[in-house]
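One structure is given here, and the rest of the page talks about it.
The values are calculated or read from the model by the stated rules, or taken from the named source; none is laboratory data. Model, not experiment: these values are computed from the prediction. Reconstructed Cβ throughout: ideal geometry from the backbone, glycine too, with neighbour counts over all protein chains shown. Keep in mind that these areas ignore ligands, DNA and RNA; they rest on the heavy atoms of the full protein, side chains included. Shrake-Rupley method; radii C 1.70, N 1.55, O 1.52, S 1.80 Å.
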Amino acid sequence: FKAPSRDHPALYRDLLRTNRVHWIAEEPPAELVREKMMECHFRFRHQMALVPCVLTLNQDGSVWVTLVKPARAITPGQFAVFYKGDECLGSGKILRMGPSVFTLQQGKNREESPKKEEIDKIEPAT
(Lines give C-alpha, C1' and ligand atoms only; values in the text may rest on other atoms or scores of the structure.)
Protein backbone atom coordinates (compact mmCIF):
# COMPACT_ATOMS: atom_id res chain seq x y z
CA PHE A 1 0.00 0.00 0.00
CA LYS A 2 1.35 3.41 -0.93
CA ALA A 3 -0.47 6.37 0.62
CA PRO A 4 -1.04 9.46 -1.53
CA SER A 5 0.86 11.66 0.98
CA ARG A 6 3.06 11.39 4.07
CA ASP A 7 0.19 12.51 6.28
CA HIS A 8 -2.60 10.48 4.69
CA PRO A 9 -5.05 9.15 7.35
CA ALA A 10 -4.39 5.58 6.14
CA LEU A 11 -0.94 5.83 7.78
CA TYR A 12 -2.34 6.55 11.25
CA ARG A 13 -3.59 4.04 13.81
CA ASP A 14 -4.57 4.22 17.45
CA LEU A 15 -4.83 0.53 18.34
CA LEU A 16 -2.33 -2.31 18.17
CA ARG A 17 -1.67 -5.69 19.75
CA THR A 18 1.69 -7.05 20.81
CA ASN A 19 2.89 -10.57 21.44
CA ARG A 20 3.67 -11.58 25.06
CA VAL A 21 5.32 -8.54 26.65
CA HIS A 22 8.78 -8.88 28.20
CA TRP A 23 8.48 -6.90 31.45
CA ILE A 24 11.67 -5.63 33.07
CA ALA A 25 10.96 -4.98 36.77
CA GLU A 26 7.78 -6.90 37.52
CA GLU A 27 5.99 -9.45 35.35
CA PRO A 28 3.54 -7.77 34.53
CA PRO A 29 3.23 -4.56 36.60
CA ALA A 30 0.93 -5.00 39.65
CA GLU A 31 -1.40 -2.17 38.51
CA LEU A 32 -1.92 -3.88 35.13
CA VAL A 33 -2.67 -7.23 36.80
CA ARG A 34 -5.03 -5.66 39.36
CA GLU A 35 -6.92 -3.26 37.04
CA LYS A 36 -6.45 -5.21 33.74
CA MET A 37 -5.66 -1.76 32.27
CA MET A 38 -2.88 0.75 32.86
CA GLU A 39 -2.00 4.20 31.57
CA CYS A 40 1.59 4.64 30.46
CA HIS A 41 3.58 5.88 27.46
CA PHE A 42 4.89 4.05 24.44
CA ARG A 43 7.14 4.45 21.44
CA PHE A 44 7.95 2.14 18.54
CA ARG A 45 10.91 4.02 17.03
CA HIS A 46 14.04 4.90 18.98
CA GLN A 47 13.96 8.69 18.54
CA MET A 48 10.20 9.27 18.53
CA ALA A 49 8.40 11.23 21.25
CA LEU A 50 6.58 9.16 23.86
CA VAL A 51 2.86 8.73 23.18
CA PRO A 52 0.35 8.39 26.04
CA CYS A 53 -1.55 5.10 25.87
CA VAL A 54 -3.64 2.61 27.80
CA LEU A 55 -2.55 -1.02 27.98
CA THR A 56 -5.13 -3.80 28.30
CA LEU A 57 -3.71 -7.10 29.46
CA ASN A 58 -4.75 -10.27 27.62
CA GLN A 59 -4.70 -13.72 29.25
CA ASP A 60 -1.79 -14.86 27.08
CA GLY A 61 0.45 -12.03 28.33
CA SER A 62 0.03 -9.94 25.19
CA VAL A 63 -1.44 -6.43 25.42
CA TRP A 64 -3.77 -4.23 23.40
CA VAL A 65 -2.31 -0.73 23.21
CA THR A 66 -4.83 2.09 22.77
CA LEU A 67 -3.12 5.37 21.89
CA VAL A 68 -4.48 8.70 23.11
CA LYS A 69 -3.92 10.03 19.59
CA PRO A 70 -3.17 8.07 16.42
CA ALA A 71 0.49 7.49 15.54
CA ARG A 72 1.95 7.37 12.02
CA ALA A 73 3.46 4.34 10.27
CA ILE A 74 3.19 1.68 12.96
CA THR A 75 4.24 -1.61 11.38
CA PRO A 76 3.91 -5.25 12.52
CA GLY A 77 7.32 -6.59 13.52
CA GLN A 78 8.39 -3.36 15.21
CA PHE A 79 8.70 -3.36 19.01
CA ALA A 80 6.36 -1.35 21.21
CA VAL A 81 8.32 -0.13 24.24
CA PHE A 82 6.40 0.98 27.34
CA TYR A 83 7.39 3.63 29.88
CA LYS A 84 6.07 4.99 33.18
CA GLY A 85 7.82 8.30 33.81
CA ASP A 86 11.52 7.72 33.06
CA GLU A 87 11.30 3.98 33.74
CA CYS A 88 11.20 1.51 30.86
CA LEU A 89 8.59 -1.10 31.80
CA GLY A 90 9.15 -3.55 28.97
CA SER A 91 8.42 -4.25 25.33
CA GLY A 92 6.52 -6.50 22.98
CA LYS A 93 6.62 -7.12 19.26
CA ILE A 94 3.72 -5.55 17.36
CA LEU A 95 1.63 -8.36 15.84
CA ARG A 96 -1.62 -6.71 14.74
CA MET A 97 -3.03 -3.27 14.30
CA GLY A 98 -6.52 -1.86 14.53
CA PRO A 99 -8.12 -0.05 11.59
CA SER A 100 -6.45 3.06 10.21
CA VAL A 101 -7.89 6.53 10.77
CA PHE A 102 -8.76 6.48 7.05
CA THR A 103 -10.79 3.25 7.41
CA LEU A 104 -12.55 4.63 10.48
CA GLN A 105 -13.40 7.85 8.61
CA GLN A 106 -14.80 5.81 5.70
CA GLY A 107 -16.99 3.90 8.14
CA LYS A 108 -18.27 7.12 9.71
CA ASN A 109 -19.11 8.52 6.27
CA ARG A 110 -21.15 5.39 5.46
CA GLU A 111 -23.09 5.62 8.73
CA GLU A 112 -24.36 9.12 7.94
CA SER A 113 -27.94 9.37 6.77
CA PRO A 114 -28.51 8.52 3.10
CA LYS A 115 -28.46 11.38 0.62
CA LYS A 116 -31.72 12.70 -0.84
CA GLU A 117 -31.00 11.20 -4.31
CA GLU A 118 -30.52 7.76 -2.72
CA ILE A 119 -33.86 8.06 -0.90
CA ASP A 120 -35.57 9.16 -4.15
CA LYS A 121 -34.22 6.01 -5.84
CA ILE A 122 -35.65 3.82 -3.10
CA GLU A 123 -38.95 5.67 -2.68
CA PRO A 124 -39.98 7.36 -5.94
CA ALA A 125 -41.79 10.64 -5.31
CA THR A 126 -45.56 10.29 -5.82
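In terms of solvent-accessible area of protein heavy atoms at a 1.4 angstrom probe, what is the ranking of 22, 46, highest value first? Mind showing how you got there, number by number?
On the way: 22 115, 46 155 Å².
The ranking, largest first, comes out as 46, 22.
Determine the share of the range 7-100's accessible area contributed by carbon and sulfur atoms, expressed in whole percent, with a 1.4 angstrom probe. Let's see the in-between values first.
Values: 2810 of 5180 Å².
Carbon-and-sulfur percentage of accessible area, whole number: 54.
Keeping every protein chain present and rolling a 1.4 Å probe, give me the accessible area per residue for the range 14-69 in Å². Please list the in-between numbers first.
Values: 3350 Å² over 56 residues.
Value for the range 14-69: 60 Å² per residue.
Would you pull out the residues with amide H under 5 Å of residue 74's amide H, same chain only if 5 or more places away, H placed 1.01 Å from N?
Under 5 Å from the amide H of residue 74: 13.
Please state the shape class of the range 1-70: rounded when a/c is under 1.5, otherwise prolate if a/b exceeds b/c and oblate if not, all from the C-alpha gyration tensor.
Working: a/c = 2.37, a/b = 2.14, b/c = 1.11.
It is prolate, given that a/c is not under 1.5 and a/b is the larger ratio.
Restricting to Cα pairs below 8 Å that are 6+ residues apart, what does the relative contact order work out to for the range 7-100? Please round to a whole percent.
Details: 208 pairs, mean separation 39.1, N = 94.
Averaging sequence separation for qualifying contacts and normalising by length gives 42 percent for the range 7-100.
May I ask you to evaluate 6.51 cos²θ - 1.76 cosθ + 1.60, the Karplus curve with θ = phi - 60°, for each residue of the range 98-109 and list the ³J(HN,Hα) values in order in whole Hz, giving x for glycine and proline?
Along the range 98-109, the couplings run x, x, 6, 4, 4, 4, 5, 5, 4, x, 4, 4 Hz.
Using a 1.4 Å probe, how large is the accessible area of residue 5, given in Å² and rounded to the nearest 10?
Surface accessible to solvent at residue 5 totals approximately 60 Å².
Considering only the other residues whose Cβ falls under 12 Å of the Cβ of residue 93, what net charge follows from Lys and Arg at +1 and Asp and Glu at -1? Please report the intermediate quantities before stating the final value.
Numbers: positive: 17, 20, 96; negative: none.
Net of charged neighbours comes to +3.
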